[in-house]
């Protein structure tokens with residue numbers, strides 16, 4: 001047998017090492033192929049309500065199914081933008097296989113998003129997603145069509161208050177209250193806008209009404225130019241200065257104390273809870289059947305109890321478990337270099353009649 005020279009042997013080893021290095025680099029660019037190799041960083045908006053706990057439940061289920069490692073974090077509440085920015089920065093520095101983000105403020109997180117792009121780390125949006133992110137940064141988003149969901153809440157509310165609006169044509173305008181948690185989150189502002197726009201359309205379509213008869217006031221983001229003297233209905237939007245129970249309750253009370261109020265809408269769990277807490281502080285209460293019609297969004301123990309007792313007409317539920325579940329599924333696909341597209345996780349109306357049904361019960365959290 002012919003003897004192989006040391007020089008030739010070293011050359012072969014060097015060549016093999018080069019092939020292995022290039023192969024590893026290639027895998028890094030195209031994404032991990034096995035679940036064991038995939039590490040996901042999921043950054044929610046906060047943990048101040050049970051909604052995000054339900055999202056996490058769905059995410060954990062998908063991570064277990066896929067056999068991937070997942071780190072699920074979020075700031076204390078949805079006003080803690082700087083905390084979320086720091087969490088995103090930490091996540092990117094870990095060089096994960098993919099990142100899932102429900103952004104509180106995209107502009108504040110642009111540097112980290114661009115860093116992820118430079119590292120070829122795919123980002124999946126969820127809940128309200130990552131609005132106005134750089135082109136190509138967000139591979140797909142798992143979320144509710146919040147504008148459509150807000151419109152559904154308006155249609156259900158309108159049906160319940162139509163007679164009172166009709167009567168208002170002969171006298172002073174009636175008032176419809178809207179309590180929104182804040183104006184930074186695309187999901188909350190979309191369901192607020194969806195409610196307002198649809199309510200305006202529903203009222204303007206009434207016989208003898210026409211355009212320019214609904215004033216929207218209370219916050220510049222949603223206000224229109226209709227004068228109160230020309231309106232048969234006034235939609236007043238209230239937004240607390242901070243996301244605390246006391247601030248939410250104060251704004252809800254400001255609406256409930258108005259004698260011309262015929263309905264009130266809370267655009268998320270926080271807002272709905274604020275309405276319930278504010279009403280409990282009023283002797284005899286103002287919301288309920290044959291009183292001020294209250295409609296909410298999401299769920300939670302207080303809201304569910306309010307619907308079952310008749311205090312609330314009903315609410316809109318998202319599918320938070322499906323949001324978390326689909327977020328992780330999309331992130332895993334993106335990590336593997338597969339093509340992904342947006343997923344609408346849906347929304348449904350629930351009230352006293354269907355709250356315990358097989359269709360609705362699994363979507364609610366306490």
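A few comments on the model shown:
- A protection proxy built from the mean count of other Cβ atoms within 10 Å ranks the segments 327-333, 144-150, most packed first, as 327-333, 144-150.
- Label sites at residue 61 and residue 245, each approximated as a point 7 angstrom past Cα along Cα to Cβ, lie 2.9 nm apart.
- Equivalent ellipsoid dimensions for the stretch 64-197 as semi-axes, Å, which come from the Cα gyration tensor, largest first: 39, 15, 13
- Rounded, prolate or oblate (a/c below 1.5 giving rounded, otherwise prolate when a/b exceeds b/c) for the stretch 233-342 by Cα gyration tensor: prolate
- For the stretch 146-317, the relative contact order comes to 23 percent (Cα pairs under 8 Å, sequence separation of at least 6).
- Anisotropy class of the stretch 173-273 from Cα gyration tensor, a/c 1.5 cut: prolate
- Peptide ranges 206-215, 284-293 listed from the most packed, as the mean C-beta count within 10 angstrom indicates: 284-293, 206-215
- By the beta-carbon count within 10 Å of each Cβ, the least crowded to most crowded order of 52, 349, fewest first, is 349, 52.
- Going from the fewest other Cβ atoms within 10 Å to the most, the residues 163, 258 appear in the order 163, 258.
- Angle between the chain longest axis and helix 320-335 axis [Cα atoms, degrees, rounded to 10]: 30
- Mean separation of Cα contacts under 8 Å (6+ apart) over length of the chain, as relative contact order %: 20
- Relative to the longest principal axis of the Cα atoms of the chain, the long axis of helix 6-30 lies at roughly 10 degrees.
- Helical content alone sets the calculated 222 nm signal of the chain at -14000 deg cm²/dmol, taking -39,500 (n - 2.57) per DSSP H segment of four or more residues and averaging over every residue.
- Of the residues 195, 72, the one with the fewest other Cβ atoms within 10 Å heads the list, and the complete ranking is 72, 195.
- Cα Rg, Dmax, the stretch 104-149, angstrom units: 11.1, 36
- For the chain, the square roots of the Cα gyration tensor eigenvalues, ordered a ≥ b ≥ c, give a/c of at least 1.5 with a/b greater than b/c, which places it in the prolate category.
- Stokes-Einstein D in µm²/s, Kirkwood radius over Cα pairs - the stretch 146-317 at 10 °C with 1.306 mPa s viscosity: 102
- Principal-axis tilt of helix 81-93 within the chain, Cα atoms, nearest 10 degrees: 20
Rule-based calculations on the coordinates, nothing more; no lab input. It should be emphasised that the depicted structure is a prediction, and the values quoted were computed from it without experimental measurement. Glycine gets a Cβ as well: all are built from the backbone with ideal geometry, and neighbour counts include every protein chain shown.
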